[in-house]
Amino acid sequence: MSKLWLLTMAQNSEKYTSEQVKNIYPTFNGIVGLCNLPNYDSTLDILQKNKGEGRILTREFVKNHGHLMSELFL
């Protein structure tokens, strides 16, 4: 059976990230996310606590949205 993942990218956006992930189960199997660094709030913690079967990547921010989104598929 296929698995369904919530793909997301965030940095210093705990309010929006918390809202985004609060009711994703049982629709999704987990979160595959990228948290850009530096991160000064609890965005990374929220993603880690709600990742389910997924994974959360971290990396330094670069000004290339396409490159950052592509990292979610690696």
Point to revise | Vicinal HN-Hα couplings computed from phi for region 62-71 (Karplus, 6.51 cos²θ - 1.76 cosθ + 1.60; Hz; Gly/Pro x) | key: 10, 7, 8, 4, x, 5, 4, 5, 4, 5
Check your understanding: Of the residues Leu34, Leu44, Leu57, which exhibits the maximal mean-square fluctuation in a Gaussian network model of the chain defined by a 10 Å Cα contact cut-off?
Key -> Leu57
Review point. Non-local amide H neighbours of Asp41 (under 5 Å, H modeled in plane, Pro and chain starts lacking H): which ones?
Key: Asn12
Check your understanding: Taking the chain as a Gaussian network, where each spring joins two C-alpha atoms under 10 Å apart, which residue of Asn64, Asn23, Asn12 fluctuates the most?
Key -> Asn64
Check your understanding: Once the piece of chain linking Val62 and Ile24 is laid out straight, how much longer is it, given 0.36 nm per residue of separation minus the C-alpha distance between them?
Key -> 10.9 nm
Check your understanding: How big is the accessible area of Lys3 in square angstrom, nearest 10, if you roll a 1.4 angstrom probe over the protein chains?
Key -> 110
Check your understanding: Antiparallel as a % of all DSSP beta bridges within the chain, to the nearest 5?
Key -> 10
Point to revise | Environment charge at His67 (Cβ cut-off 13 Å; Lys +1, Arg +1, Asp -1, Glu -1) | key: 0
Practice item. Could you pull out every residue, at least 5 positions away or on a different chain, whose amide H is within less than 5 Å of the one on Met9? Hs are placed 1.01 Å off N in the peptide plane, and Pro or chain starts have none. Key: Leu34
Review point. Can you tell which of Lys49, Lys22, Lys63 shows the greatest fluctuation in a Gaussian network model of the chain with Cα springs below 10 Å?
Key: Lys63
Point to revise | Overall Cα dimensions of the chain - principal axes, largest extent first, Å | key: 36, 25, 14
Revision key, fill the gap. So the carbon and sulfur contribution to the accessible area of the chain, 1.4 Å probe, in percent, is 55
Exercise for review: Give a residue-ordered list of calculated ³J(HN,Hα) values for region 33-49 (Karplus: 6.51 cos²θ - 1.76 cosθ + 1.60, θ = phi - 60°; whole Hz; x for Gly, Pro).
Suggested key: x, 10, 10, 6, 10, x, 10, 9, 10, 9, 4, 4, 4, 4, 5, 4, 5
**Study point:** Accessible-area ranking of Met1, Met69, largest first, probe 1.4 Å
**Key:** Met1, Met69
**Study point:** Residues with amide H under 5 Å from that of Gly54, placed H, sequence gap 5 or more
**Key:** Ile31
Review point. How much area per residue is accessible in the chain when the probe is 1.4 Å and only protein heavy atoms are counted (Å²)?
Key: 67
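The values are calculated or read from the model by the stated rules, or taken from the named source; none is laboratory data. As the structure is a prediction and not an experimental result, all values here were calculated from the model. Glycine also receives a Cβ, built like all others from the backbone with ideal geometry; neighbour counts cover every protein chain displayed. Heavy atoms of the whole protein, side chains included, go into the accessibility calculation; ligands, DNA and RNA do not. Shrake-Rupley method; radii C 1.70, N 1.55, O 1.52, S 1.80 Å.
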